[in-house]
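Scroll down for the structure; my scribbles are underneath it.
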Amino acid sequence: MKEYTNTGSKDTRSGFGEALLELGKQNPDVVALCADLTGSMKMDAFAKAFPERFFQVGIAEANMMSIAAGMTIGGKIPFTGTFANFSTGRVYDQIRQSIAYSEKNVKICASHAGVTLGEDGATHQILEDIGLMKMLPGMTVINTCDFNQTKAATLAIAKHIGPVYLRFGRPKVPNFTPADSEFEIGKAILLNEGTDVSIFATGHLVWKALEAGKILEKNGIHAEIINIHTIKPLDCEAILASVSKTGCVVTAEEHMMNGGLGDSIAQLLIRENPLPMEMIAVNDQFGQSGKPEELLVKYGLEAANIVKAVQKVMSRKK
């Protein structure tokens, strides 16, 4: 099992904030819009450095999306910032009509996703946002795993032409991806080679998958672990190549089972190579208030749950 070092836990939203400031220095067409959460979104450094390119729209998320869509007509590259719940569910009509259908070059940047938002509870947590966004034609959907990858992804989406949904989080999580890695949209990252089972993980659960891999190795199970940071477009080639070796699949995500990464991979496999599969995800429930780690345990999103899913799926192999 390949070793990965946690260089210090950091919140992924800070990776977004640092990259946004860099983009402001690199490209005068980059503008930022926020819905009254500048500090929470780590957009304050950009706002201070480029006040003429920062737009505080207040608690008016639908207006923010419409304004951002309009800015693209003048050649600007708008980055919108608010919580994932308010970036998707609250403004879905504006995103669908003004951004996705109109093919506008808007970067929808969403923090505080999943249950790890914690104590704010179900009304602020969202577990269905990936599903909402991936169903929109032409929308790129990215879910990063740590600080470094979030920073790299933020820099990369500025160069991508077309609407993007970038999802990240609030809590401090292990920072283990190389700081100098270039982010390639739609290209999965092989973290550990294995022959017994393919584990496809995204977001905060990538580190959990690596922890599970260590436990499995002690039990003589060699897991192939792949970071699927881009949900759409999905790296079908990498997924099919892996499962052709291992013959069974486990997916892991901090999202609803319906509409998430597991759903996308299941659709691919049923068309190309049906195999035993298990999904680690939230099963048809809303979140609730609690400490992030406690909620991960409650909803079965821990390394131990991945290990159990691997044992179950391997028992179904032919």
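Spin-label model, Ala60 to Phe286: label points 7 Å out along the Cα-to-beta-carbon direction sit 2.8 nm apart.
Could you tell me what % of all Cα pairs in the range 89-178 have separations over 22 Å? Within the range 89-178, distances greater than 22 Å cover 30 percent of Cα pairs. One quarter of the convex hull surface built on the alpha carbon atoms of the range 105-235 amounts to 8.6 nm², the projected area averaged over directions. What whole-number distance in Å separates the alpha-carbon centres of the range 203-251 and the range 1-30? The distance from the Cα centre of the range 203-251 to that of the range 1-30 comes to 24 Å.
Note down the magnitude of the dipole of the chain about its Cα centre, charges +1 on Lys and Arg C-beta and -1 on Asp and Glu C-beta and zero elsewhere, to the nearest 20 debye.
160
Between the beta carbons of Leu190 and Lys48, assuming R0 = 41 Å, the FRET efficiency works out to 0.55 to the nearest 0.05.
With volume of the Cα convex hull per residue in Å³ in mind, check (1) 190; (2) 117; (3) 128 and report the label derived from this structure. Derived directly from the coordinates: (2). State whether the range 10-69 is rounded, prolate or oblate according to the following rule on the C-alpha gyration tensor (a ≥ b ≥ c being the square roots of its eigenvalues): a/c under 1.5 gives rounded; otherwise a/b larger than b/c gives prolate, and the remaining case gives oblate. Verdict is oblate for the range 10-69.
Placing unit charges on the Cβ atoms of the charged side chains and taking the dipole of the chain about its Cα centre, the candidate lying farthest along the positive direction among Thr5, Thr82, Val164 is Val164. Couplings 3J(HN,Hα) for the range 17-30, derived from phi with the Karplus relation 6.51 cos²θ - 1.76 cosθ + 1.60 (θ = phi - 60°), are x, 5, 5, 4, 5, 4, 4, x, 6, 7, 9, x, 7, 6 Hz, where x marks Gly and Pro.
Rounded to the nearest 20 debye, what is the charge dipole size of the range 189-314 about its Cα centre when +1 sits on each Lys and Arg Cβ and -1 on each Asp and Glu Cβ?
About 160 debye.
Cβ-to-Cβ counts within 10 Å put Ser242, Ser111 in ascending order as Ser242, Ser111, the fewest first.
Every helix of 4 or more DSSP H residues in the chain counts as -39500 (n - 2.57), and over all residues that averages to -10500 deg cm²/dmol at 222 nm. Annotation: amide H of Gly114 within the under-5 Å range of Ile126, sequence separation 5 or more or interchain, hydrogens built in the peptide plane.
Annotation: lysines with alpha-carbon distance below 20 angstrom to Lys25 (same-chain offsets under eight excluded): Lys42, Lys48, Lys76, Lys107, Lys151, Lys159. Fewest neighbouring Cβ atoms within 10 Å first, the residues Tyr92, Tyr101, Tyr165 line up as Tyr101, Tyr92, Tyr165. Out of all DSSP beta bridges in the chain, what portion is antiparallel? Express it as a percent rounded to 5. That works out to approximately 15 percent antiparallel. Applied to the range 246-251, the Karplus parametrisation 6.51 cos²θ - 1.76 cosθ + 1.60 on θ = phi - 60° returns per-residue 3J(HN,Hα) values of 8, x, 7, 9, 10, 10 Hz, with x for Gly and Pro. Please work out whether the range 10-173 counts as rounded, prolate or oblate from its C-alpha gyration tensor, where a ≥ b ≥ c are the square roots of the eigenvalues and a/c under 1.5 means rounded, while otherwise a/b larger than b/c means prolate and anything else oblate? Since a/c stays below 1.5, the shape of the range 10-173 is classed as rounded. Does the range 189-314 come out rounded, prolate or oblate, given a ≥ b ≥ c as the square roots of the eigenvalues of its C-alpha gyration tensor, rounded meaning a/c under 1.5 and, failing that, prolate meaning a/b above b/c? It is oblate, given that a/c is not under 1.5 and a/b is not larger than b/c. For the range 183-199, the Karplus equation 6.51 cos²θ - 1.76 cosθ + 1.60, evaluated at θ = phi - 60°, returns couplings of 8, 10, 4, x, 10, 5, 10, 6, 9, 8, 7, x, 10, 9, 7, 9, 10 Hz by residue, with Gly and Pro reported as x.
Straight-line cross-link reach from Lys218 at under 24 Å between alpha-carbon atoms covers these lysines, not counting any fewer than eight positions away in the same chain: Lys2, Lys208, Lys245, Lys308, Lys312, Lys317, Lys318.
Read-outs: derived from the displayed coordinates by stated rules, not from any lab. For clarity, every value in this text was computed on a predicted model and none was experimentally measured. Methodologically, a virtual Cβ is constructed for each residue, glycine included, from the backbone with ideal geometry; neighbour enumeration extends over all protein chains shown.
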